[in-house]
Amino acid sequence: MANDRVPSITPLQEAERIDREQPALLADLGARLFPRSQIVLDEATIASARAILFTLVGRIEAELIGQERNIAWPVIERSGLPQDSALLAFLLAHASWLRLVQRVGGGAAQRSNIWLAGLAAEDDGMLGRSALDLLSARSRPAPERLSGYRDLPAPLFRQLVKQVDAALTLESGSAKPSNAADLIAGYNEADGLPYLAVRLAGQLASAGNTSELRQPEKAGMDLFAGWLATELDAGWYDVVRILGEGGVRLMLLLRAAGFGLDEAGALIDQLGDPDNARALRSYAEIDRQAARRVLFARNSAPEQAHA
């Protein structure tokens, strides 16, 4: 119908828009030309973080108004979300997680699921329940797993819901305050993959089942990261970022966790780190406690999931 057509933009209006955006364009260029960090963010990580945020906003919008109509994202793109370190840390860490899962491959995930299902069937207590919960989390719909919708820390989820709700209200008034309040009230951080992996890893370690936990091809990368987080008293996403990053920090992580040189070499190969030889050159010389202090002195995890 003619009334449904999007109003056309005249050349003058388009030129005015471009002119208005010049300061923002220069700011974007400056951020790329003069980054504050000496670590270069690759384009794939930036694209992945943006896709995660886009999917998160769309999912929250659908929960608020009953369908995803892509109303909130354009508003958020124009206004921008606050440069909150917790949000940025989550996006960077979840991008690392997705990259890590892709790198390890689906075969290892299937083997791990078989092992986890057997564990759930053998134990009818808390351990079996935790195994089943983690298996269920792994089986969530792809959009949930890719966006990390269930894996957000509760304060960050609350912040995002309020921002999407505000964007919807600003654009169309589609969202009611009660919808946002109900969505926030119904969210449980303990349903997230980080919490479930750390909880099960702690239970298995307490039962003396550490041999499986030290093998990501058997336990699964999520549970392997959960065991490392438990062993080193670190955040699950902190560990995931290092596993996906590779290089010297991966070497220090494995050293801090007590892996021998041969074990570390095999794990680094499995994780697809191309800098294996250099990373292992001084492995035996590194003090375990010093490695742990260097890695986790700054608590930058986007979540604090503990058993």
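The values are calculated or read from the model by the stated rules, or taken from the named source; none is laboratory data. Just so we're clear, the structure is a prediction, and the values are computed from it rather than from any experiment. Cβ sites come from the backbone with ideal geometry, for glycine too, and all protein chains shown count toward neighbours.
For segment 85-104, does any single residue satisfy the condition of being of a type in the set (D, E, K, R), over 20 Å from the mean Cα position of the chain (by Cα) and on the phi < 0 side of the Ramachandran plot?
No.
Kindly list the number of the only condition in (1) acidic (Asp, Glu); (2) without any contact (Cβ under 8 Å) to a residue 12 or more places away in the chain; (3) touching a Phe, Trp or Tyr at 6+ places or on another chain (Cβ under 8 Å) that fails for Asp262.
That leaves (3) as the condition not met.
Could you tell me whether any residue of segment 227-238 is assigned to a helix (DSSP H, G or I), closer than 21 Å to Gly128 by Cβ and not β-branched (Val, Ile, Thr)?
Yes, that holds for at least one residue.
Output the helices (runs of 4 or more DSSP H) that fall wholly within segment 1-112 and possess 3 or more residues being under 30 Å from Ala225 (Cα atoms), or say none.
Counting at least 3 such residues, we get 43-65, 85-104.
Every residue in segment 239-248 that is more than 17 Å from Val198 (Cα to Cα), under 18 Å from the mean Cα position of the chain (by Cα) and not acidic (Asp, Glu), please.
Gly244, Gly246
Test Ala181 against the criterion of being of a type in the set (Gly, Ala, Ser), over 25 Å from Ala291 (Cβ atoms), surrounded by fewer than 16 Cβ atoms within 10 Å (Cβ to Cβ) and modelled with pLDDT of 95 or more, and give yes or no.
Answer is no for this residue.
Please work out if Ala205 is over 18 Å from the mean Cα position of the chain (by Cα), under 29 Å from Ser139 (Cα atoms) and buried (at least 22 other Cβ atoms within 10 Å of the Cβ). Explain how you work it out, then say what you get.
Values: over 18 Å from the mean Cα position of the chain (by Cα): yes; under 29 Å from Ser139 (Cα atoms): yes; buried (at least 22 other Cβ atoms within 10 Å of the Cβ): no.
No, not satisfied.
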